[in-house]
Amino acid sequence: MKKPNYNRLDSETLRQITSYVRAELDRVEDELRQDRRSKQQANIRITLRRYRELKAHAKDSVYDAFDAENNATYNDLLLMMEGRGRESFKVDSIMESAALACVCVDHMEKMLDAYRALCENSGRMDKIRRYRVLRAMHFDEENYTADEIADNENVCRSTVYADLEKAYESMVVLFFGLHGLEL
């Protein structure tokens with residue numbers, strides 16, 4: 001008696017398996033894309049909420065990040081500390097932290113300007129309001145609450161939060177460029 005051959009799949013079964021695997025791969029890719037987008041939006045929220053603190057750090061840092069490369073005293077200090085291990089790392093970390101804060105603040109301000117231009121050029125009052133809400137919540141010198149912004153804009157508090165969410169979505173592409181696009 002001949003044994004059945006279980007090592008071969010008929011073409012219909014193979015087609016079904018292939019179709020299922022492709023569908024699952026597409027589903028997983030969509031989940032990963034959505035997860036990446038959610039993380040980017042969360043990063044935008046966190047970064048914008050900390051804008052004032054980052055700006056203060058960049059402005060008030062003991063170390064001026066942009067003048068350091070030309071500062072002979074600083075360079076001499078680094079040369080003297082070379083090979084001392086942690087101490088030189090700490091100075092480098094302070095330098096890098098100040099430089100990164102300056103770059104982040106500068107980028108955030110430029111992207112806010114770009115967002116303002118996009119909103120104003122749209123001619124849509126709701127988009128222009130979104131810009132004002134975003135600016136008031138995160139960028140203005142005074143730290144406004146959602147209720148204060150709602151009063152100033154003559155909208156309800158939930159509209160302020162809805163405007164912020166839509167602004168964050170737009171800011172993802174401005175902050176992250178191509179990496180912020182849903183491809």
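The values are calculated or read from the model by the stated rules, or taken from the named source; none is laboratory data. Note that the structure is predicted; figures quoted are calculated from it, not measured. Methodologically, a virtual Cβ is constructed for each residue, glycine included, from the backbone with ideal geometry; neighbour enumeration extends over all protein chains shown.
Computed values, structure above
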| item | result |
| --- | --- |
| Top-ranked residue of the range 153-178 - restricted to ones that are assigned to a loop (DSSP other than H, G, I, E, B) and without any contact (Cβ under 8 Å) to a residue 24 or more places away in the chain, ranked as farthest from ARG129 (Cα to Cα) | CYS156 |
| Flag if ASP35 is exposed (fewer than 11 other Cβ atoms within 10 Å of the Cβ) and either touching a Pro at 6+ places or on another chain (Cβ under 6 Å) or modelled with pLDDT of 70 or more (or both) | yes |
| Hey, ARG86 among the basic types (Lys, Arg) and either modelled with pLDDT of 85 or more or touching a strand residue (DSSP E or B) at 6+ places or on another chain (Cβ under 9 Å) (or both) or not | no |
| Where a residue in the range 116-127 is farther than 17 Å from GLU153 by Cβ and its partner, wherever it lies, is modelled with pLDDT under 95, with Cβ under 8 Å and at least six apart | LEU118/SER170 |
| Residue ID - nearest to the chain's Cα centre (by Cα), chosen from residues in the range 137-152 that are over 29 Å from ARG36 (Cβ atoms) and part of a helix (DSSP H, G or I) | ILE149 |
| The range 89-106 residues that are surrounded by fewer than 18 Cβ atoms within 10 Å (Cβ to Cβ), paired with ones that are modelled with pLDDT under 75 (beta carbon under 6 Å, 6 or more apart) | ILE94/TYR63 |
| Test for ALA72: is it surrounded by 11 or more Cβ atoms within 10 Å (Cβ to Cβ), modelled with pLDDT under 85 and small (Gly, Ala, Ser) | no |
| Qualifying residue in the range 127-134 (condition: of a type in the set (A, V, I, L, M, F, W, C), within 25 Å of the chain's Cα centre (by Cα) and closer than 17 Å to ILE44 by Cβ) | yes |
| From ASP60, ASP67, ASP30, residue being within 30 Å of LEU134 (Cβ to Cβ), exposed (fewer than 12 other Cβ atoms within 10 Å of the Cβ) and modelled with pLDDT under 75 | ASP60 |
